[in-house]
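Remarks on the structure that follows.
A short reminder: the numbers here are calculations on the coordinates, not readings from a lab. Treat the numbers as computed from the prediction; the structure is a model and nothing was measured. Virtual Cβ from ideal backbone geometry, glycine too; neighbours counted across all protein chains shown.
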Amino acid sequence: MKQTVILSTAALCLLVCGSTVATAQGQRGSQSATQQGKTLPHTTVSSTVQRQRVQQQQQRATQYQQHLGKQLPVVRQQTVQLQTQRRTAQYRVQQQYATQLQQQQQQQLAQQHARTSRSYSNDPYITAPPTYRYQVSGASRETNQYGVNVLQRAVSYGYQEGYDAGRADRSDRWASGYQNSPAYKDATYGYAGQYVDQGDYSYYFREGFQHGYQDGYNNRSQYGSASNGTYSILGSVLSSILGLQPIQ
């Protein structure tokens, strides 16, 4: 399975880079206001919110590590079932997915051992105010640019995994059905227990997966494009799936 490349398009650049420029401009404006003796705008969240975020980050990392410990055996078992069904191409794809999850588990363990309360507190996500709203199953959420980056990654990883799964089912001459894929059921590859809840990440991973699966199964590029043999979701489709609304 090829390594995912998150597509950098004009639309996506406007979203990410625009936020960065706006932040920089805001910082310069704050410095100017200080020099003129004016009241400074709030550029960071309160200390109470910061403490809450540190606790959330610690909980997310722990919970995801527990999830991986439980989910890996399940994914492996689902992969074995594919082999018994003689779905050769799909078996290879999902075997690679299980390997990726195992590698991710090892990375999570190493990072978790290295983290301290101080390292969490020094994460710039902790102090950055929310700048976007997004919807998950009708429920509104708020996050800053760091969370947005994670959601973008979820959709992009989902698209790539979905494309590979759809192409494999077509190769095996198997009926279309993305919901049965072990990767779709797990929907956490690329997550690191940071900035957004695991459920939110999985929601957007599956959204990307569905689009990728349709392209892969139908051997088309309606929702993505190919570059050096790697398939990536289009920036316009990514923006449409996320449906981000700037907080005024």
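By the Cα gyration tensor, the range 188-248 has an equivalent ellipsoid whose semi-axes, rounded to whole angstrom, run 23, 15, 11 from largest to smallest. Note that the range 140-151 has calculated 3J(HN,Hα) couplings of 7, 10, 10, 7, 9, 4, 5, x, 4, 4, 5, 5 Hz, one per residue in order, obtained from phi through the Karplus relation 6.51 cos²θ - 1.76 cosθ + 1.60 (θ = phi - 60°); glycine and proline are x. Close amide H partners of Leu234, meaning residues 5 or more places away or on another chain with modelled amide H under 5 Å apart, are Gly224, Ser225.
Would you mind estimating how fast the range 46-246 diffuses translationally, via Stokes-Einstein at 37 °C and 0.692 mPa s with the Kirkwood radius over Cα pairs, in µm²/s? Once the numbers are plugged in, D ends up at 185 µm²/s.
A simple rule links phi to the HN-Hα coupling: the Karplus curve 6.51 cos²θ - 1.76 cosθ + 1.60 with θ = phi - 60°, which for the range 93-100 gives 5, 6, 5, 5, 4, 4, 5, 5 Hz, with x for Gly and Pro.
Between Gln112 and Gln63, full extension at 0.36 nm per residue minus the direct alpha carbon distance yields a gain of 16.5 nm.
Once the Cα-Cα distance is subtracted from the 0.36 nm per residue extended length, the Gln50 to Asn180 segment shows a gain of 42.8 nm. Extension gain for Arg220-Tyr146 works out to 23.4 nm (0.36 nm per residue, less the C-alpha to C-alpha distance). Counting only Cβ charges, +1 for Lys and Arg and -1 for Asp and Glu, the dipole size of the range 46-246 around its Cα centre is about 300 debye. Computed 3J(HN,Hα) for the range 211-218, one whole-Hz value per residue from the Karplus formula 6.51 cos²θ - 1.76 cosθ + 1.60 where θ = phi - 60°, is 5, x, 4, 4, 5, x, 5, 9, glycine and proline marked x.
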